[in-house]
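Notes follow once the structure below has been shown.
Here, each number is a calculation from the coordinates, and none is a lab measurement. Just so you know, these numbers come straight off a predicted model, no measurement behind them. All Cβ positions, glycine included, derive from the backbone under ideal geometry; neighbour counts span all protein chains shown.
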Amino acid sequence: EPEVTQTPSHQVTQMGQEVILRCVPISNHLYFYWYRQILGQKVEFLVSFYNNEISEKSEIFDDQFSVERPDGSNFTLKIRSTKLEDSAMYFCASRVRGPQNIQYFGAGTRLSVL
Amino acid sequence: SQQGEEDPQALSIQEGENATMNCSYKTSINNLQWYRQNSGRGLVHLILIRSNEREKHSGRLRVTLDTSKKSSSLLITASRAADTASYFCASMYSGGGADGLTFGKGTHLIIQP
């Protein structure tokens, strides 16, 4: 069964460093998303991406964040200068075109900022 | 309460019993979905109910939606140990082009063998 894959599963970085989290969405999906989940808290929407541009972003997705689809398969989330509070589980999701908005999630990348 | 708040926050029942989780939301919605998250894993879509539906079934899952109360419930019948997970409701705001899902804090369900 097709699935969303994320790498790495765990990323440890020093405060102020740049990190890139990688995702390979399901191949025929057209809409892509990043969410984060701080330990013990709810899953929070960060950004949605369609047709090679951001279609929606939340207040969390500030200038420190960027997304890119560098080729036909990868979808990346970059954090330019990590802060301690960026430590969280980051989930990538994708879906097909359609009104129902059923999203398929990857297993996540745990980001630990020291 | 915030969009997509579930209760209870934690629920422990015996295998074979039914588990009921509730969710409340604030804004108008197109549909409401329920997702499951096993420990350390991503979210898996379980069931979707449209705003014009009141009840929906899928296997051992039953979802209800009350748009007048802005609430939904998820019932898992004849629970199994494998149902142990966190369950989240998720809604999509019906106004504008937004399609990011808004999740609640979730109900952590433990099925005791």
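Each of A:S112 and A:N51 was given a label point 7 Å from its Cα along the Cα-to-Cβ line. The distance between the two points is 4.3 nm. A quarter of the convex hull surface defined by the alpha-carbon atoms of segment B:5-112 gives 6.4 nm² as the mean projection. In sequence order, segment A:47-60 has phi-based couplings of 7, 10, 9, 8, 6, 6, 8, 5, 9, 7, 9, 8, 5, 5 Hz under the Karplus curve 6.51 cos²θ - 1.76 cosθ + 1.60, θ = phi - 60°, and Gly or Pro positions carry x.
Peptide B:22-33 shows a mean partner chain C-beta count of 1 within 10 Å per residue C-beta.
Which value results for Rg/Rh of the protein assembly as shown when Rg is the Cα radius of gyration and Rh the Kirkwood radius based on the inverse mean 1/r? Display every interim value, and only then the final one.
On the way: Rg = 17.5 Å, Rh = 18.1 Å.
Taking Rh as the inverse mean 1/r over Cα pairs, Rg/Rh reads 0.97.
Here the Karplus curve 6.51 cos²θ - 1.76 cosθ + 1.60, taken at θ = phi - 60°, turns the phi angles of segment B:22-28 into couplings of 10, 9, 10, 9, 10, 9, 5 Hz, with x standing for Gly and Pro.
The lysine pair count for the protein assembly as shown, using Cα distances under 29 Å and pairs eight or more places apart or on different chains, is 25. Amide H contacts of A:S87 (H built 1.01 Å from N, in plane; Pro and chain starts excluded): A:V113 sit under 5 Å, all sequence-distant by 5 or more or on other chains.
Cα centroids of segment A:48-100 and segment B:38-61: how far apart, whole angstrom? Value for the Cα centre distance between the two parts: 24 Å. Considering all different alpha carbon pairs of segment B:1-65, the Kirkwood hydrodynamic radius works out to 13.4 Å.
Evaluate the relative contact order of segment A:5-113 (contact order divided by residue number), counting alpha-carbon pairs under 8 angstrom at least 6 apart; express in whole percent.
On the way: 252 pairs, mean separation 41.7, N = 109.
Rounded, it is 38 percent for segment A:5-113.
Between B:I47 and B:W34, the built amide H atoms are under 5 Å apart, and every one of these is 5 or more places off in sequence or on another chain. Diffusion of segment A:5-113 by Stokes-Einstein, at 10 °C in a medium of 1.306 mPa s and with Rh set to the Kirkwood radius over alpha-carbon pairs, works out to 114 µm²/s. Sorted ascending by nearby beta carbons within 10 Å, beginning with the fewest, A:R36, A:R69 become A:R69, A:R36.
Averaged over A:44-50, how many beta carbons belonging to a partner chain fall within 10 Å of each residue's beta carbon?
On the way: counts 4, 7, 1, 1, 5, 0, 2.
Across the residues of A:44-50, the mean count of other-chain Cβ atoms within 10 Å is 3.
Note on B:42-52: average number of Cβ atoms from other chains within 10 Å of each residue's Cβ is 4. Sequence-distant contacts, meaning Cα pairs under 8 Å at least 6 residues apart, place the relative contact order of chain B at 38 percent. For the protein assembly as shown, each Cys has a disulfide-compatible partner, with another Cys C-beta under 4.7 Å from its own.
Under Stokes-Einstein, with the Kirkwood radius over Cα pairs standing in for Rh, what whole-number D in µm²/s applies to segment A:55-114 at 10 °C and 1.306 mPa s?
119 µm²/s
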